[in-house]
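The values are calculated or read from the model by the stated rules, or taken from the named source; none is laboratory data. Bear in mind the structure is a predicted one, so any value in this text is a computation, not a measurement. Cβ: placed from backbone, ideal geometry, glycine included. Neighbour counts: every protein chain shown. Note: accessible area is taken over every heavy atom of the protein model, side chains too, but ligands, DNA and RNA are not part of it. Shrake-Rupley method; radii C 1.70, N 1.55, O 1.52, S 1.80 Å.
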Amino acid sequence: MAEFTQSTKLHNVLYDIRGPVLERAQKLEAEGHRILKLNIGNPAPFGFEAPDAILVDMIRHLPHAQGYSDSRGIFSARTAVVQYYQTRGIHNIHVDDVYLGNGVSELITLSLMALLNNGDEVLVPTPDYPLWTASVSLAGGRPVHYICDEDNEWWPDLEDLEAKITPKTKGMVIINPNNPTGAVYPQHIVQGMVDLARKHSLVVFSDEIYEKILYDGAEHINTATITGDEVLCMTFSGLSKAYRICGYRSGWLAISGPKSRAADYLEGINLLANMRMCANVPGQHAIQTALGGHQSIEDLILPGGRLKEQRDIAYRMLNEIPGVSVNQAKGALYLFPKLDPEVYPIKSDEKFALDLLESQKILVSHGTAFNWIRPDHFRLVTLPNVKDLEEAIGRIAEFLSTYKP
């Protein structure tokens with residue numbers, strides 16, 4: 001009998017934050033163990049709920065959301081996205097430049113599939129949100145990782161970035177605020193990246209899903225405010241994180257810049273959008289209400305807010321563990337601690353994560369799952385309440401006190 005094997009297109013596609021470590025956690029759960037999951041930025045299991053106004057509006061629209069929508073998305077939601085970017089000083093995005101998707105993830109894959117030929121290169125940060133690396137590979141491209149510098153606030157190293165541009169480079173990915181490091185890039189860094197994109201005629205893919213989750217007065221710079229009309233900018237954002245509705249899968253892609261020079265590429269995006277018919281229609285109805293209503297995320301990130309308090313506790317406790325250091329996150333929902341290789345000579349950070357899971361029943365994501373270059377980091381989600389975070393990091397400290405890789 002013939003065997004059926006996976007496509008060779010998947011040979012370079014990895015998404016290890018839902019890989020073997022998670023599979024082992026699921027088996028332990030099936031055996032009756034309670035696993036504290038600090039591996040996925042999913043607010044709902046930690047008691048974060050969507051604003052009531054969003055739920056009410058979606059429910060009211062359900063009778064009218066049973067059929068397909070326009071492949072780009074419903075007009076009112078796309079208009080709300082355009083109006084939001086106008087308040088941010090971006091005036092070259094129009095309603096037909098907005099595509100709604102089943103979360104940002106779908107739109108990342110769609111936009112790369114429409115652009116890349118086999119062997120084309122895309123600059124992706126390391127560490128990165130691994131869907132970017134995986135999607136470039138799936139589209140036939142080659143992800144080329146540029147360094148984000150831990151000793152400089154985890155900001156991109158512009159010299160390293162430019163050194164990795166070749167005639168095959170088609171695009172540059174900017175993840176700001178950054179997952180997994182929590183870095184928020186200042187004006188001069190974003191400007192420097194855009195200048196390189198302009199110089200080398202690159203498409204900029206700007207992942208801004210955490211743009212509203214900022215701490216300590218950090219300011220988010222929308223990349224499209226700098227790319228203007230000269231650089232093609234694909235801006236990705238959505239409701240999953242700031243509005244706590246990951247499961248509703250409601251995201252968007254907003255296209256700005258010299259669209260006349262990208263007509264053929266944009267036709268490809270439109271083709272792929274048509275092929276998937278449309279995004280989840282009930283989720284689309286959340287967008288107008290979310291963007292136009294009270295921004296409840298601000299109550300969570302300001303002093304006294306739950307997200308800020310949890311971030312602060314995690315940062316302090318991790319830095320108190322011998323041999324562990326971590327930069328403070330200025331945005332997003334994560335910390336990316338470093339394990340000093342002189343103290344913990346770890347050869348496989350995936351094994352470290354598995355050992356921690358077996359010993360303490362705590363699930364974290366290992367650093368190389370984010371395409372980091374050394375096995376000396378892990379990502380910790382700061383969504384649990386303070387009591388649970390204190391318990392979890394205390395148990396991590398206990399584990400490390402006797403850990404022999």
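Scanning segment 103-136 for residues that are polar (S, T, N, Q) and more than 29 Å from residue 285 (Cα to Cα) gives 117, 118, 126, 133. For segment 221-265, a residue qualifies if it is more than 29 Å from residue 282 (Cα to Cα) and in contact with a Pro (Cβ under 8 Å, 6 or more places away or on another chain), and the qualifying residues are 221, 229, 230, 231, 232.
Could you grab me the full set of residues in segment 240-259 that are closer than 13 Å to residue 291 by Cα and at pLDDT 95 or above? 251, 252, listed by residue number.
When you check residue 146 against the structure, is it assigned to a strand (DSSP E or B), in contact (Cβ under 8 Å) with a residue 12 or more places away in the chain, closer than 30 Å to residue 216 by Cα and over 16 Å from the mean Cα position of the chain (by Cα), yes or no?
Details: assigned to a strand (DSSP E or B): yes; in contact (Cβ under 8 Å) with a residue 12 or more places away in the chain: yes; closer than 30 Å to residue 216 by Cα: yes; over 16 Å from the mean Cα position of the chain (by Cα): yes.
Considered against the rule, which asks whether it is assigned to a strand (DSSP E or B), in contact (Cβ under 8 Å) with a residue 12 or more places away in the chain, closer than 30 Å to residue 216 by Cα and over 16 Å from the mean Cα position of the chain (by Cα), residue 146 comes out as yes.
Take residue 394 and tell me if it is under 19 Å from residue 39 (Cβ atoms) and surrounded by fewer than 23 Cβ atoms within 10 Å (Cβ to Cβ). For residue 394, the condition - under 19 Å from residue 39 (Cβ atoms) and surrounded by fewer than 23 Cβ atoms within 10 Å (Cβ to Cβ) - is met. Annotation note: of 269, 287, 313, 297, the sole residue that is closer than 21 Å to residue 395 by Cα and of a type in the set (Val, Ile, Thr) is 313. Of all residues in segment 191-222, exactly one satisfies the criterion of being under 18 Å from residue 166 (Cα atoms), assigned to a loop (DSSP other than H, G, I, E, B) and small (Gly, Ala, Ser), namely 201.
For (1) under 25 Å from residue 311 (Cβ atoms); (2) open to solvent by less than 10 Å² (accessible area, probe 1.4 Å); (3) without any contact (Cβ under 8 Å) to a residue 60 or more places away in the chain, each residue gets a yes or a no:
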site: 196; (1), (2), (3): no, no, yes
site: 206; (1), (2), (3): yes, yes, yes
site: 209; (1), (2), (3): yes, no, no
site: 223; (1), (2), (3): yes, yes, yes
site: 227; (1), (2), (3): no, yes, yes
site: 232; (1), (2), (3): no, no, yes
site: 236; (1), (2), (3): yes, yes, no
site: 244; (1), (2), (3): yes, no, no
site: 251; (1), (2), (3): yes, yes, no
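Examine segment 253-268 for a residue that is in contact (Cβ under 8 Å) with a residue 40 or more places away in the chain, under 26 Å from residue 307 (Cβ atoms), of a type outside the set (Ser, Thr, Tyr) and open to solvent by 10 Å² or more (accessible area, probe 1.4 Å), and state whether such a residue exists. Within segment 253-268, none of the residues are in contact (Cβ under 8 Å) with a residue 40 or more places away in the chain, under 26 Å from residue 307 (Cβ atoms), of a type outside the set (Ser, Thr, Tyr) and open to solvent by 10 Å² or more (accessible area, probe 1.4 Å).
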